[in-house]
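Here, each number is a calculation from the coordinates, and none is a lab measurement. All figures in this text were calculated on a predicted structure; none of them were measured in a lab. Every residue, glycine among them, receives a Cβ derived from its backbone with ideal geometry; neighbour counts consider all protein chains shown.
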Amino acid sequence: MAKLPAKVSDRISSGIKRFQPILAAAKSRDVGESDTVTIIVDILAEIFGYDKYSEITSEHAIRGTYVDLATKIDGVLQMLIEVKAIGIELKEPHVKQAVDYAANQGVDWVVLTNGINWRVYKVTFAKPISAELVVDIDFSNLNAKNAKDIESLYLFCKEGWIKSVLGEYHSQKQALSRFYIGAMIVSDPVLQILRRELRRMFPDVRIEVDEIKAVLTSEVIKRDVTEGENAEGARKKIAKSLNKVQKEKSEKKASSKDDVKDDSPSDDNESPDSTPPT
């Protein structure tokens with residue numbers, strides 16, 4: 001993650017101290033959704049750095065209804081925020097509602113919050129549309145002096161958004177997820193390396209790639225890592241990346257052959273050292 005500017009870090013730290021008691025009091029009073037939205041707007045402005053009057057809106061219409069809140073930078077919609085009353089536990093139907101809003105608007109990022117719990121989802125526009133939980137924060141448990149807690153809120157900040165910090169965090173989380181690691185282990189390039197090393201250790205034993213893959217998927221890697229929607233998504237992304245690399249190699253190889261061909265002397269041309277006939 002990019003280094004936090006000191007000014008932003010101080011703002012986040014101060015905001016944690018300020019809003020934790022406010023949220024605790026609101027929860028004890030069991031305030032409704034409208035009052036929770038008011039607190040969220042203040043958090044967006046005072047902690048996350050958005051201008052309350054030009055970059056936060058509660059009037060963003062989606063198919064005849066209005067999403068609770070949305071953030072904009074330079075007039076461009078960045079993320080939708082679905083707010084629930086502070087005393088309501090966030091559940092799957094709430095996630096679906098938020099994701100449906102994002103899908104109808106074509107927005108990649110959606111936040112679901114009750115003020116205390118903050119969840120960020122990355123929406124994938126495939127068939128069917130899906131959403132991946134990227135960030136899950138309990139605001140009441142944050143420590144204003146803890147660097148990691150401050151960094152976790154930086155993901156929501158305007159400054160972080162401008163630097164694509166949330167997207168980078170998501171990519172890193174994907175790369176290190178068990179699904180991507182599992183899919184990479186059983187990808188052809190890695191299997192070929194394993195086969196080569198095993199044959200080096202056991203030169204008299206015939207070992208095939210399919211045999212190695214079978215052992216990995218049935219005896220080494222847990223089934224939930226190689227099966228299911230997340231695993232399939234990881235396999236597809238890795239396969240796409242490998243195909244792209246292979247295509248680039250093929251194009252580079254073809255280009256090199258063409259260069260060699262162009263540099264070769266033509267059979268129809270005489271050698272510069274040849275003597276013209278008399």
In the P(r) worked out for the stretch 16-151, what percent of Cα pairs fall beyond 22 Å? 37
Length added when fully stretched, Ile162-Leu133, from 0.36 nm per residue minus Cα-Cα: 8.4 nm
With n ≥ 4 as the cut-off for DSSP H runs, can you work out [θ] at 222 nm for the chain, using -39500 (n - 2.57) per run divided by the number of residues, rounded to the nearest 500? -16500 deg cm²/dmol
What's the FRET efficiency of Ile88 with Ala239 using the Cβ-Cβ distance as r and R₀ = 45 Å, to the nearest 0.05? 0.65
Given the peptides 232-239, 116-123, arrange them by the average over their residues of other C-beta atoms within 10 Å, most packed first. 116-123, 232-239
Quick one: 3J(HN,Hα) in Hz for the stretch 109-124, Karplus 6.51/-1.76/1.60 with θ = phi - 60°, rounded, Gly and Pro as x. 10, 9, 10, 10, 8, 10, x, 8, 8, 10, 10, 10, 10, 9, 8, 10
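Exposure proxy check: Thr113, Thr38 ranked by fewest other beta carbons within 10 Å?
Arranged by neighbour count, lowest to highest, Thr113, Thr38 become Thr38, Thr113.
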Extending each Cα 7 Å along its Cβ direction at Arg196 and Ala214, get the distance between those two points in nm, one decimal. 2.4
For the pair Phe125/Lys247, report the inter-label distance in nm, with labels modelled 7 Å from Cα in the Cβ direction. 2.0
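Relative contact order for the stretch 73-197 using alpha-carbon pairs under 8 Å, separation at least 6, rounded to a whole percent? Display every interim value, and only then the final one.
Working: 138 pairs, mean separation 18.3, N = 125.
Rounded, it is 15 percent for the stretch 73-197.
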Cα centroid separation - the stretch 1-52 against the stretch 67-103, whole Å: 16
List nothing, just return the count: lysine pairs in the stretch 178-252, 8 or more apart or interchain, with Cα separation under 15 Å. 4
Two-site FRET efficiency, Ala25 against Lys72, from Cβ-Cβ distance with R₀ of 35 Å, rounded to 0.05: 0.70
Most to least packed among 77-84, 242-249, 9-16 [average Cβ atoms within 10 Å]: 77-84, 9-16, 242-249
So, in nm, how far is label Lys148 from label Ala6 when the simple model puts each one 7 Å beyond its Cα toward the Cβ? 2.6
Explain nothing, just the number: relative contact order of the chain, from Cα pairs under 8 Å at least 6 residues apart, as a whole percent. 13
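Quick one: compute the contact order of the stretch 8-163, relative version, from alpha carbon pairs under 8 angstrom and 6+ residues apart, as a percent.
The normalised contact order for the stretch 8-163 reaches 22 percent.
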